[in-house]
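Have a look at the structure below before the remarks.
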Amino acid sequence: SAVISQKPSRDICQRGTSLTIQCQVDSQVTMMFWYRQQPGQSLTLIATANQGSEATYESGFVIDKFPISRPNLTFSTLTVSNMSPEDSSIYLCSVEVQAITEQYFGPGTRLTVT
Amino acid sequence: DQQVKQNSPSLSVQEGRISILNCDYTNSMFDYFLWYKKYPAEGPTFLISISSIKDKNEDGRFTVFLNKSAKHLSLHIVPSQPGDSAVYFCAASATGGGADGLTFGKGTHLIIQP
């Protein structure tokens, strides 16, 4: 398994600003992912954070809105840019430990945009 | 279009009895299925998984059944305990469980009554 931490755990932000969420893993992992859970909805994959190359985004998500960095095998950041109230969600990072198919999730970042 | 569906938003079961949580999927390419448990203010915790080459996987009190022809899976918890009260998410992957994100259902809130 892997121990995953996220910062911040929650934040309240004003419309039009940006927030960067950090995800730290206690061991080197190949695959890191970012998900969003809007109120009352399921978890939706935003993108796969690739080490050493650009992130791979799912349909409906774009790099200008959700830029992602993956500088090494234990760390990634997701930025929510030019926020609107519709961006109010829980943002979660997850990792897939090599040769193990289960994904492990961080505790999440609860974002409220006013 | 939801590819993974959990049609029961909530389920109430008496302590000691069996809890059965259901999940349906529409994408024939899914070949790996997972169940996650989520407590409030925490990230999802991996519970149990099953590959499409199997029809049953058991781990302690938890058993997952897969019916490929019906595109249906279920999670059985026997006996149910108060600590099992949580939201349970069904998730699926189309790449054998590796190198890809997961598609989640909306979750079922399981309430274990004393």
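The values are calculated or read from the model by the stated rules, or taken from the named source; none is laboratory data. Keep in mind the model is a prediction, meaning the values are calculated, not measured. Backbone-built Cβ (ideal geometry, glycine too); neighbour counts: all protein chains shown. Just the protein is used for accessible areas: all its heavy atoms, side chains included, with ligands, DNA and RNA removed. Shrake-Rupley method; radii C 1.70, N 1.55, O 1.52, S 1.80 Å.
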### Task
Would you mind getting the accessible area per residue of chain A, heavy atoms of the protein chains only, 1.4 Å probe, in Å²?
47 Å²
### Message
Strictly under 4.7 angstrom between C-beta atoms: which cysteines of the protein assembly as shown have no such partner?
### Response
A:Cys13
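Nearest 100 Å², what total accessible surface is buried between chain A and chain B (probe 1.4 Å)? Can you show the working numbers first?
Values: alone 6140 and 6160 Å², together 10790 Å².
Between A and B, the summed buried area is about 1500 Å².
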## Note on the structure
Answer in debye to the nearest 20: the dipole magnitude of chain B about its Cα centre, from +1 Lys/Arg and -1 Asp/Glu charges placed on Cβ, is 160 debye
### Message
Once the convex hull of the alpha carbons of chain B is built, what does its volume come to per residue, in cubic angstrom?
### Response
101 Å³
### Task
Report the label-to-label distance for A:Asp26 and B:Ile18 in nanometres (one decimal), using points 7 Å from each Cα along the Cα→Cβ vector.
3.7 nm
### Query
For segment A:58-114, max minus min Cα coordinate along each principal axis, in Å, sorted largest first?
41, 21, 21
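Residues with beta-carbon under 13 Å from that of A:Thr30, excluding A:Thr30: net charge, scoring Lys, Arg +1 and Asp, Glu -1?
-1
Find out how many positive minus negative residues lie around A:Pro107, taking Lys and Arg as positive, Asp and Glu as negative, among other residues whose Cβ is under 11 Å from that of A:Pro107.
After counting each charged neighbour, the total is +3.
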#### Entry: Relative contact order computed over segment B:20-91 (Cα-Cα under 8 Å; 6+ residues apart), in percent
37 percent
### Summary
Placing +1 on each Lys and Arg Cβ and -1 on each Asp and Glu Cβ in chain B, then taking the dipole about the Cα centre, the residue among B:Leu102, B:Gln6, B:Gly60 whose Cα reaches farthest towards the positive end is B:Gln6
### Summary
Which of B:Gly60, B:Gly101, B:Gly16 fluctuates most in a GNM of chain B (C-alpha springs under 10 Å)? That residue is B:Gly60
### Query
Build a GNM of chain B with springs between Cα atoms under 10 Å: which of B:Ala94, B:Ala86, B:Ala41 gets the top mean-square fluctuation?
B:Ala41
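In whole percent, what relative contact order does chain A give with Cα contacts below 8 Å and a gap of six or more residues? Could you put the intermediate results ahead of the total?
On the way: 286 pairs, mean separation 42.0, N = 114.
Over chain A, the number comes to 37 percent.
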